[in-house]
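K.L.:
Structure incoming, see below.
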């Protein structure tokens, strides 16, 4: 069973370009979370999605950032008109659908975005 | 005040030393607590869950004090391979996001 997959692992963009980050959850997982880690900072929650639904986007910047998790295919985190401050590691995590006690989130290897 | 606070360190210790990390959280509704380990430029990995009764896994002991909203991690007989950043993590419910502390950096020297 493959783990959480993210691609690309490294992404370089110039200011003003768009960045698309992909996350394929573990098999059987229907919950996806995106976190951002700025240099020398802790991970910060951005958005929580289930298939075709955004459950919680309270950590998403109000502009330029969007996320989706379509019925088929990976979850996408999209950053429009990137700025240097968007340079960070973006981690995706997935968890299984069952409720009850805490469902462990499994993290992908991250995408390191560098904005020139 | 940050929701999860940790001493950033760094903690520089010799091999074999015992080292303790502390963490405080501000939201009393928090339900689950963890320590994760993050190696340089890699994803966080779950080290252990933390319970009020305390739990031990080999050289690692974790403790939760709900009244004080305080979490601790003790590492005994430190190894070089323990060098990493240790993240205190809090979770409020069965689903939903994790809240991470900024991490405490540990460097174990020979």
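K.L.:
Picking from A:113, A:77, which residue would you name as being modelled with pLDDT of 95 or more, in a strand (DSSP E or B), surrounded by 22 or more Cβ atoms within 10 Å (Cβ to Cβ) and away from chain B (no Cβ under 11 Å)? Give the derivation first.
P.N.:
Values: A:113 fails: surrounded by 22 or more Cβ atoms within 10 Å (Cβ to Cβ).
Only one candidate passes the filter, namely A:77.
K.L.:
Where in segment B:7-99 are there strands (runs of 3 or more DSSP E), lying wholly inside it, with at least 2 residues that are within 11 Å of chain A (Cβ to nearest Cβ)?
P.N.:
Fully inside segment B:7-99 and qualifying: B:32-38, B:45-49, B:84-91.
K.L.:
Keeping to segment B:51-83, report how many residues are surrounded by 21 or more Cβ atoms within 10 Å (Cβ to Cβ) and on the phi > 0 side of the Ramachandran plot.
P.N.:
Residues flagged as surrounded by 21 or more Cβ atoms within 10 Å (Cβ to Cβ) and on the phi > 0 side of the Ramachandran plot within segment B:51-83 amount to 0.
Here's the yes/no breakdown for (1) farther than 19 Å from residue A:106 by Cβ; (2) more than 14 Å from chain B (Cβ to nearest Cβ); (3) surrounded by 14 or more Cβ atoms within 10 Å (Cβ to Cβ):
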{"site": "A:45", "(1), (2), (3)": "no, no, yes"}
{"site": "A:53", "(1), (2), (3)": "yes, no, no"}
{"site": "A:58", "(1), (2), (3)": "yes, no, no"}
{"site": "A:61", "(1), (2), (3)": "yes, yes, no"}
{"site": "A:82", "(1), (2), (3)": "yes, yes, yes"}
{"site": "A:90", "(1), (2), (3)": "no, no, yes"}
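K.L.:
If you check residue A:9 against the conditions, is it in contact with a helix residue (DSSP H, G or I) (Cβ under 7 Å, 6 or more places away or on another chain), modelled with pLDDT of 95 or more and exposed (fewer than 13 other Cβ atoms within 10 Å of the Cβ)?
P.N.:
Considered against the rule, which asks whether it is in contact with a helix residue (DSSP H, G or I) (Cβ under 7 Å, 6 or more places away or on another chain), modelled with pLDDT of 95 or more and exposed (fewer than 13 other Cβ atoms within 10 Å of the Cβ), residue A:9 comes out as no.
K.L.:
Return yes or no: is residue B:108 crowded, with 20+ Cβ neighbours inside 10 Å, modelled with pLDDT under 95 and farther than 24 Å from residue A:4 by Cα?
P.N.:
no
K.L.:
From the residues in segment A:29-43 that are closer than 15 Å to residue B:44 by Cβ and at the interface with chain B (Cβ under 7 Å from one of its Cβ atoms), which one is surrounded by the most Cβ atoms within 10 Å (Cβ to Cβ)?
P.N.:
Across segment A:29-43, the extreme among qualifying residues is A:43.
The values are calculated or read from the model by the stated rules, or taken from the named source; none is laboratory data. Here the structure is a predicted model, which is why all the values come from computation and not from measurement. Cβ atoms come from the backbone with ideal geometry, glycine included; neighbour counts cover every protein chain shown.
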